Amino acid sequence: MLKRQSLIVANWKMNGSLDSIRRLVGAIVPGIKDVPGEVLICPPFVYIAELVKLLEKTTIRLGAQNVSQMESGAFTGEIAPPMLKDLACEYVIVGHSERRMLYNESATQIARKFVAVQASGIIPILCVGELLEDRNARGTEAVIAKQLDTVIEVAGIKAFRQAVIAYEPVWAIGTGKTALPEQAQEVHEFIRLRLARHDHKTADSVRIIYGGSIKADNAEQLFELADVDGGLIGGASLVAKEFLAICHSVR
Ligand code: 13P
């Protein structure tokens with residue numbers, strides 16, 4: 001039995017329209033009732049206000065996909081953590097590999113976002129993950145350790161009591177190549193041990209979710225792993241039937 005509450009996150013990325021998200025949420029809501037644990041949707045910023053309305057009277061929580069590390073000011077095009085708090089966002093994804101790679105977000109910037117998000121009373125979902133080259137060179141653990149250690153140094157280990165970690169191997173994102181259960185479990189356990197070097201209690205309580213080509217037909221074998229506490233779902237979260245099946249794979 002899971003001692004940590006499970007968390008299933010829909011990361012819609014830059015997809016959808018007002019019309020399509022209304023239909024998608026309309027199809028998800030009736031099927032979500034008996035899902036154990038938490039279910040969270042992270043839509044594009046401009047649809048957050050609409051989601052506030054659509055998710056009213058449901059148990060589904062609301063989050064964002066990115067955020068600025070600054071609180072306010074002359075930062076054209078950016079969104080600050082207090083703005084997300086205003087719209088009742090409970091979670092924010094920070095350090096997604098698409099942000100790290102396509103927008104050159106540095107480890108330090110991501111750590112600052114993590115801190116800023118928590119300062120606004122929002123829970124950060126910190127993404128970590130290695131490239132295929134790293135894995136082939138047996139560098140997975142070194143890469144993950146560095147990504148984690150930067151945040152531990154800046155935010156402190158206790159900050160992880162109010163955070164979620166998402167392990168997303170970059171080679172598994174949007175490729176249809178999910179990590180094998182033993183690969184996922186190995187890295188999730190490594191992450192927990194890395195945190196336990198500083199604080200056992202925090203390491204034991206933090207939720208570590210897996211992301212990368214989760215589908216209805218592979219979710220259950222991932223979610224039943226000892227150190228996997230849920231999933232971060234991209235493509236499959238855009239299809240109501242698929243996403244619901246994934247949510248119902250949590251025991
Ligand atoms: P896919 O589920 O499309 O592989 O995306 C995973 C992801 O990046 C979620 O944040």
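The values are calculated or read from the model by the stated rules, or taken from the named source; none is laboratory data. Since the structure is predicted, the reported quantities are computational estimates derived from the model, not experimental observations. All Cβ positions, glycine included, derive from the backbone under ideal geometry; neighbour counts span all protein chains shown. SASA here: full protein model, heavy atoms, side chains in, ligands and nucleic acids out. Shrake-Rupley method; radii C 1.70, N 1.55, O 1.52, S 1.80 Å.
Things to note:
- The residues of the stretch 1-38 that are of a type in the set (A, V, I, L, M), over 17 Å from Glu90 (Cα atoms), out of contact with any Cys (no Cβ under 9 Å at 6 or more places or on another chain) and at pLDDT 95 or above, listed by number, are Met14, Leu18, Ile21, Leu24, Val25, Ala27, Val29.
- Unique match (being within 16 Å of the ligand (Cβ to nearest atom), open to solvent by less than 40 Å² (accessible area, probe 1.4 Å) and either among the polar types (S, T, N, Q) or farther than 30 Å from Gln109 by Cα (or both)) among Leu24, Leu7, Leu40, Leu55: Leu24
- Figure legend. Inter-residue proximity from the stretch 77-97: first residues of a type in the set (Asp, Glu), second residues assigned to a loop (DSSP other than H, G, I, E, B) and modelled with pLDDT of 95 or more, beta-carbon distance below 7 Å, spacing 6+ or different chains. Indicated pairs: Glu78/Ser68; Glu78/Met70; Glu90/Ile122.
- Ile79 falls short on exactly one of the conditions (1) more than 16 Å from the ligand (Cβ to nearest atom); (2) of a type in the set (A, V, I, L, M); (3) open to solvent by less than 50 Å² (accessible area, probe 1.4 Å); (4) part of a helix (DSSP H, G or I), and that condition is (4).
- When Ala203, Ala196, Ala226 are screened for being surrounded by fewer than 18 Cβ atoms within 10 Å (Cβ to Cβ), small (Gly, Ala, Ser), more than 15 Å from the ligand (Cβ to nearest atom) and under 24 Å from Glu153 (Cβ atoms), only Ala196 passes.
- Residue in the stretch 106-116 that is closer than 16 Å to Tyr47 by Cα and surrounded by fewer than 17 Cβ atoms within 10 Å (Cβ to Cβ) present: no
- Members of the stretch 1-35 found to be in a loop (DSSP other than H, G, I, E, B), of a type in the set (A, V, I, L, M, F, W, C) and within 16 Å of Tyr47 (Cβ to Cβ), listed by number: Trp12, Met14
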